[in-house]
1. Determine the per residue accessible area of the range 99-243 with all protein chains present and a 1.4 angstrom probe, expressed in square angstrom.
2. Filter Lys60/Lys361; Lys105/Lys169; Lys116/Lys144; Lys145/Lys186; Lys60/Lys333 down to the pairs with a C-alpha to C-alpha distance above 27 Å, please.
3. Could you sort Tyr44, Tyr284, Tyr351 by their accessible area in this structure, using a 1.4 Å probe and putting the largest first?
4. Considering the options Leu214, Cys228, His200, tell which one lies farthest towards the positive end of the dipole of the range 196-238, charges being +1 on Lys and Arg and -1 on Asp and Glu at the Cβ, about the Cα centre.
5. For the range 148-160, in order, what is each residue's ³J(HN,Hα) by Karplus, 6.51 cos²θ - 1.76 cosθ + 1.60 with θ = phi - 60°, in whole Hz (x at glycine and Pro)?
6. What do you reckon, how do Asp265, Asp191 stack up by accessible area (1.4 Å probe), largest on top?
7. How large is ³J(HN,Hα), in whole Hz, for each residue of the range 343-354 in order, when computed from phi with the Karplus curve 6.51 cos²θ - 1.76 cosθ + 1.60 and θ = phi - 60°, using x for Gly and Pro?
Amino acid sequence: MSNFFFSPDHSVLDLRTQLFRYIEFPYVEYFYKSKSLSGLIQNYSEQDIFNFDELGLFFKCLPDRTLTFKGKPCHGGKKSKERITVLLGVNMAGTEKSKLLVIGKYQKPRCFKNVKSLPVQYEFNKKAWMTSQIYEAFLHKMDKKFVNEKRNVLFFFDNCSAHPKILQKTLNAIKIIFFPPNMTSKLQPMDQGVIKNLKHHYRKKIMQRHLRKLELNEAITDVNLLDCIHMLYSSWEAVSTSTISNCFRKAGFREGDVVEEVFEDIPEEWLEYQRKHSDINISYQEFLDIDSTLSTSESLTDAEIFKTSDILNEPETDSADEAIDEEEIAVVKPFIRGAQAENYVHELRRYVQQQSGVSDKIFSALNILGSFIENTSNTKQKQSKMSDFLLS
């Protein structure tokens, strides 16, 4: 493969021009054969062009705890239990977001007790990293989805050790394009603001949770993995189509001028948190970027990946210094019965009715939720009666 050189002052278009000088590499496509990005994607609609990337997240981190993590590696011990890796992807049109893939450290965290459904896909290993096994399983699952939808799609990934160069013939609907090493930050739409926007929404939610507990005089407890998953799901939903479209434009995937969006640089939650905690001596930007350099996979050679893959995927076992985890001693919330859930929906309706200018979509969502609870409750009652009949 020919060498690839660039200077820091090159524009995205200059970098892209040099990028297409890459030649074919065995089993990998590094933007080759096409002389321009438009030539590479011209046979695909905006709905069928996706970018995927991982992010590392210190999911429990609050502003007054930021200095504990700042600038320090995370290879094991207590801090490793407070980090996760998240794989997210979206299409160029901004109309289709992938289901988040969350990678944690434990197979069955205690907070998952009584939980049978999650709004994300959950995987685990000892390092809470992306691994080649997780990556390949994810790709084949997505491939089946697009085959069923009769769609041919283009996936753009960064080039790292956790993304093995699997043979294209193993996929039927997906064609994979890898960004060249050390070029991802300039050419990947996810790095142009999508990930940062997701973290912005997540940081706001974790502060909102803390402030709400203070307001209600409730005990301040750490965010557990289940809390994190629901806040992440909500944060991913909050990333707008216009933000995604603009990030693809910044990366050179779309034509037109880049619209400089006005982001909420300092959210009200941050100001309120500062008023409640006078000892905070960092900026919101530092809080937002606290895990921006957190590794999502280990830099290994192919031989090292082969040797360590089985170790990474072994179920987690307790060692002397890991036997007690904050999640493991957390109070497990009791199972909620159907009648209780129906009462909660009734209370939600009362709250909504007290607000002005409520959208019809909100009332519709409450009706859908109420119908779901009613149906599942009736199903369980029927199953219970049937089992009683068989036992009698």
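The values are calculated or read from the model by the stated rules, or taken from the named source; none is laboratory data. Because the structure is a prediction, the values reported are computed rather than measured. Cβ coordinates were reconstructed from backbone atoms using ideal geometry, including for glycine residues, and neighbour counts include every protein chain displayed. Each accessible area value is taken on the protein alone, full model and side chains, heavy atoms only, with ligands, DNA and RNA left out. Shrake-Rupley method; radii C 1.70, N 1.55, O 1.52, S 1.80 Å.
1. On the way: 6400 Å² over 145 residues.
Accessible surface, normalised per residue, equals 44 Å².
2. Working: Lys60/Lys361 32 Å; Lys105/Lys169 32 Å; Lys116/Lys144 23 Å; Lys145/Lys186 30 Å; Lys60/Lys333 19 Å.
Beyond 27 Å: Lys60/Lys361; Lys105/Lys169; Lys145/Lys186.
3. Tyr351, Tyr44, Tyr284
4. So the residue we want is His200.
5. Running phi through 6.51 cos²θ - 1.76 cosθ + 1.60 with θ = phi - 60° gives 5, 8, 6, 10, 10, 10, 10, 10, 9, 10, 7, 9, 9 Hz.
6. Details: Asp265 115, Asp191 65 Å².
Per-residue accessible area, sorted high to low, gives Asp265, Asp191.
7. Working through the residues one at a time gives 5, 5, 5, 4, 5, 4, 4, 4, 4, 4, 5, 7 Hz.
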